[in-house]
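Down below is the structure, laid out as structure tokens.
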Amino acid sequence: ERGVTTILGGSHATLCPEEAMQNVDSVVAGEAEEMWGGILEDFKAGRLKRLYRSERFVSPENLRPPDNRVLPYRPFGVDSVQATRGCPHNCKFCCVTTLNGHQLRKRSIGHVLNQVKEIRDRGMNVFFTDDNIIGDRSYAKELFRGLLDLQEKTGKPFLWSAQSTILFAFDHELLELAAQSGCRSLYIGFETLSREALAQANKRHNSPERYKEAIEILRQRSIRVVASVMLGLPGEDKASAEAMFRLLLENDVVLVYYYILTPLPGTALRDELDREGRLFNKDRWDLHDTLHANFVPAGNQNGWTASDLEQTIWRFY
């Protein structure tokens, strides 16, 4: 409206570029690091294209951190670092592999540690934004040892948190290194107690019978669990959801994110629900916020309705 050239990138622009183009001058679909310089040259020359689409995933050496001078204010005392991109798992409800690939791309450990040191020199702690910080076990071990060495050399202890699978709790060597190097919080996708639901979601690496054990193992090492729970997975019913809620409550997991299963573009889940005619509010992205149910639950979900899911998530919160 003000005549300012506007370029849009990110998840929505990548998954729904035609729709995104209705709102801006130009859309960047895919990872932008290796395209951005050329896009700026096109803008300066007055030849900006309507759509730029990355033909490949960015090479690890080009996964450079952002310029902290652009956003210098960090009100929570935490800055973010991405050591790896992509995820070796391929859960049916997740669009990470569509956006970032199935193969893990790893930045140089030295570059990651330099970024961490710069953040620590500003007196801040670190959140690793990787979708799975232990996606490559050998790399994770080297990273944690590097973090430990960095603290010993600088004499400045710091805390870090990350996202991981529950497998972290049962890898003694990795866990000890993480705890010693300052890990104090892990965001873990528990999702459900239903083995059937986990299998249908292609998240078979979770072991519901060991959830309580995992929470206790992490607590013993002063690592707080931040739990992610998904309501409405095919194969899950009301009783299973209630049992998951009680397990976390009774084991003092104080920070939980509840989500309603959300059929995002680029996921196997959305394709499946669309084929079965069970999607509604297809293009209402304002309702694709994980707090609304945009699908008809399956027949094996023991009476769940979309309304039930929406009422349950608020009751759990």
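When you scan segment 72-95, do you find a residue that is farther than 30 Å from A201 by Cα and open to solvent by less than 40 Å² (accessible area, probe 1.4 Å), even just one? Lay out the reasoning, then the answer.
Pass one, segment 72-95, residues farther than 30 Å from A201 by Cα: 72-79.
Within this subset, residues satisfying the condition of being open to solvent by less than 40 Å² (accessible area, probe 1.4 Å) are 77, 79.
Yes, that holds for at least one residue.
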Output for Cβ contacts, cut-off 8 Å, separation at least six or different chains, first residue aromatic (F, W, Y) in segment 100-129, second open to solvent by 30 Å² or more (accessible area, probe 1.4 Å), reads F127/V78; F127/S80; F128/S80; F128/Q82; F128/Q163
Under the condition of being without any contact (Cβ under 8 Å) to a residue 60 or more places away in the chain and open to solvent by 50 Å² or more (accessible area, probe 1.4 Å), which residue from segment 260-283 is nearest to H12 (Cα to Cα)? K282
Would you please name the residue that is farthest from C95 (Cα to Cα), looking only at residues in segment 244-259 that are surrounded by fewer than 15 Cβ atoms within 10 Å (Cβ to Cβ) and hydrophobic (A, V, I, L, M, F, W, C)? L249
What are the residues in segment 264-289 that are part of a helix (DSSP H, G or I) and small (G, A, S), if any? A268
Out of the residues in segment 25-47 that are in a strand (DSSP E or B) and β-branched (V, I, T), which is surrounded by the most Cβ atoms within 10 Å (Cβ to Cβ)? V27
Do we have any residue at all in segment 49-57 that's over 19 Å from A13 (Cα atoms) and not β-branched (V, I, T)? no
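Could you look through segment 291-312, keep only residues that are of a type in the set (S, T, N, Q) and crowded, with 17+ Cβ neighbours inside 10 Å, and pick out the one that is farthest from the chain's Cα centre (by Cα)? Walk me through how you get there before you give the answer.
To start, the set of residues in segment 291-312 that are of a type in the set (S, T, N, Q) comprises 294, 300-302, 305, 307, 311-312.
Checking the rest, the ones that are also crowded, with 17+ Cβ neighbours inside 10 Å come to 294, 301, 312.
Details: N294: 21, Q301: 26, T312: 23 Å.
Checking each candidate, the answer is Q301.
Quick one: is E18 part of a loop (DSSP other than H, G, I, E, B) and acidic (D, E)? Full working, then the answer.
Working: part of a loop (DSSP other than H, G, I, E, B): no; acidic (D, E): yes.
No; evaluated as a whole, the condition is false for this residue.
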Go through segment 181-263 and tell me which strands (runs of 3 or more DSSP E), entirely inside it, have 2 or more residues that are of a type in the set (A, V, I, L, M) and more than 27 Å from S307 (Cβ to Cβ). 183-191, 224-231
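Could you tell me whether any residue of segment 83-95 is of a type in the set (F, W, Y), more than 24 Å from N62 (Cβ to Cβ) and within 19 Å of the chain's Cα centre (by Cα)?
First pass over segment 83-95, keeping only residues of a type in the set (F, W, Y): 93.
Going one step further and asking which of them are more than 24 Å from N62 (Cβ to Cβ), we end up with 93.
Now drop any that are not within 19 Å of the chain's Cα centre (by Cα), which leaves 93.
Yes, there is a match, as at least one residue in segment 83-95 is of a type in the set (F, W, Y), more than 24 Å from N62 (Cβ to Cβ) and within 19 Å of the chain's Cα centre (by Cα).
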Can you name the residue in segment 228-241 that is buried (at least 24 other Cβ atoms within 10 Å of the Cβ) and hydrophobic (A, V, I, L, M, F, W, C) and is also farthest from T290 (Cα to Cα) among such residues? A241
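Which of the residues that make up segment 48-90 are of a type outside the set (V, I, T) and part of a strand (DSSP E or B)?
Our first condition is that a residue be of a type outside the set (V, I, T); within segment 48-90, this holds for 48-57, 59-69, 71-77, 79-80, 82-83, 85-90.
Passing the criteria: L51, Y52, R53, D79, S80, R85.
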Residues located in segment 101-130, provided they are more than 16 Å from F144 (Cβ to Cβ), part of a helix (DSSP H, G or I) and open to solvent by less than 30 Å² (accessible area, probe 1.4 Å): I119
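Which residue is farthest from A227 (Cα to Cα), if the candidates are limited to segment 131-190 and must be hydrophobic (A, V, I, L, M, F, W, C) and open to solvent by 60 Å² or more (accessible area, probe 1.4 Å)? Reasoning before the result, please.
From segment 131-190, those hydrophobic (A, V, I, L, M, F, W, C) are 133-134, 140, 143-144, 147-148, 150, 158-160, 162, 166-170, 174-175, 177-179, 183, 186, 188, 190; that's our starting set.
Still in the running and open to solvent by 60 Å² or more (accessible area, probe 1.4 Å): 159, 167, 170.
Numbers: L159: 19, L167: 14, F170: 17 Å.
So the residue we want is L159.
The values are calculated or read from the model by the stated rules, or taken from the named source; none is laboratory data. Everything quoted here is computed from the prediction, not taken from an experiment. With ideal geometry, Cβ positions are generated from the backbone for all residues, glycine too; neighbour counts draw on all protein chains shown. Side chains are part of the model used for accessible areas, which takes the heavy atoms of the whole protein and leaves out ligands, DNA and RNA. Shrake-Rupley method; radii C 1.70, N 1.55, O 1.52, S 1.80 Å.
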